[in-house]
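See structure below.
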Amino acid sequence: MISPADDVLLVAAGALAGAAGSAGGITSLISYPALLAVGIPPLPANVTQAIAFVACMPGSALASQPELRGQWPWIRRWAVVAAAGGAAGAALLLCTPGHVFGRIVPFLLAFASVALLLQPRISTWREGRLGDSDRYLLPCGLFAVSVYDGYFGAGAGIMVLALLLLLVDQDLLRANALKNVFLGVSDTVAAVGLALFGPVHWTAALPLAVGLLGGSLVGPSATRRIPPNLLRVLVACAGMGLAIRLWIVPG
């Protein structure tokens, strides 16, 4: 049973998580421990936060209009890939044990964090070195990360951001705005299946979603005030910290 004090904690945690996530950080690094703190077991906590994450998309998209202007035709094309991945991830979560990705996730996060740090050099190296095969990297990578997002999700934003910076747009603010939209699509599709068939704690999902919506309205504007290189380092460090935590305590 969620108490009024728990509601306050979840709204506050959601606001902080929404701001951090939409600014390029790791939403679940804040929201997941908050759900555990109010007494929700690990698997229902993961499902519940997946439902609440849907609230991040409208807020972050609204706050990122300058970065998303003119991008919507391209976004609609690739949103189909993110939606398919999110649906597949939710199906996996409902049908398979929760520890399946437990040992590989820390290494994926560590790789994505290092890629963020080295992104300017990697992007320079990539120019003129990849041919027609390069066009398959984005759909395959976006689908794979969206599957992971629908299944487990911790650190998915770091992975999508690294992917977009390396393959789509080297501008950190625009890549972060695109990341927020694709994660929102993946989260929304996954949430439909989880809401119908998963162990959702709705009394916890609602206050968390309220906080996430408010925080996601703030995050994109905060990124405009942080130097891109500093933001890249902060996000990469957060990703590496989560990778270490998940390696020590999987899931």
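The values are calculated or read from the model by the stated rules, or taken from the named source; none is laboratory data. Everything numeric in this text was worked out from a predicted model, so none of it was measured. So basically every Cβ, Gly included, is an ideal-geometry build from the backbone, and we count neighbours across all protein chains shown.
For the structure I just gave you, tell me whether residue 111 is within 23 Å of residue 45 (Cα to Cα) and modelled with pLDDT under 80. Give the steps one after another, and end with the answer.
On the way: within 23 Å of residue 45 (Cα to Cα): no; modelled with pLDDT under 80: yes.
No; evaluated as a whole, the condition is false for this residue.
Residues in the stretch 227-239 that are touching a residue at least 24 places away in the same chain (Cβ under 8 Å) and surrounded by fewer than 20 Cβ atoms within 10 Å (Cβ to Cβ) were compared, and the one that is farthest from residue 49 (Cα to Cα) is 228.
Quick check on residue 118: is it over 12 Å from the mean Cα position of the chain (by Cα) and at pLDDT 80 or above? Break it down stepwise before answering.
On the way: over 12 Å from the mean Cα position of the chain (by Cα): yes; at pLDDT 80 or above: no.
No: the conditions fail for residue 118.
Table: residues versus (1) free of Cβ contacts under 8 Å to residues at least 24 places away in the same chain; (2) over 17 Å from the mean Cα position of the chain (by Cα).
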site: 135; (1), (2): yes, yes
site: 141; (1), (2): no, no
site: 164; (1), (2): yes, no
site: 168; (1), (2): no, yes
site: 175; (1), (2): yes, no
site: 181; (1), (2): no, no
site: 190; (1), (2): no, no
site: 199; (1), (2): no, yes
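Does any residue of the stretch 86-107 turn out to be modelled with pLDDT under 70, assigned to a helix (DSSP H, G or I) and under 27 Å from residue 245 (Cβ atoms)? First the steps, then the outcome.
Start the filter on the stretch 86-107 by keeping residues that are modelled with pLDDT under 70, which leaves 96-105.
If we keep only those that are assigned to a helix (DSSP H, G or I) too, we end up with 105.
Cutting the leftovers down to under 27 Å from residue 245 (Cβ atoms) gives us 105.
Yes.
Quick check, is residue 212 among the hydrophobic types (A, V, I, L, M, F, W, C) and at pLDDT 85 or above? Judged against the criteria, residue 212 is a match. If you scan the stretch 134-146, which residues turn out to be crowded, with 24+ Cβ neighbours inside 10 Å and among the hydrophobic types (A, V, I, L, M, F, W, C)? Within the stretch 134-146, 142, 145 meet the criteria.
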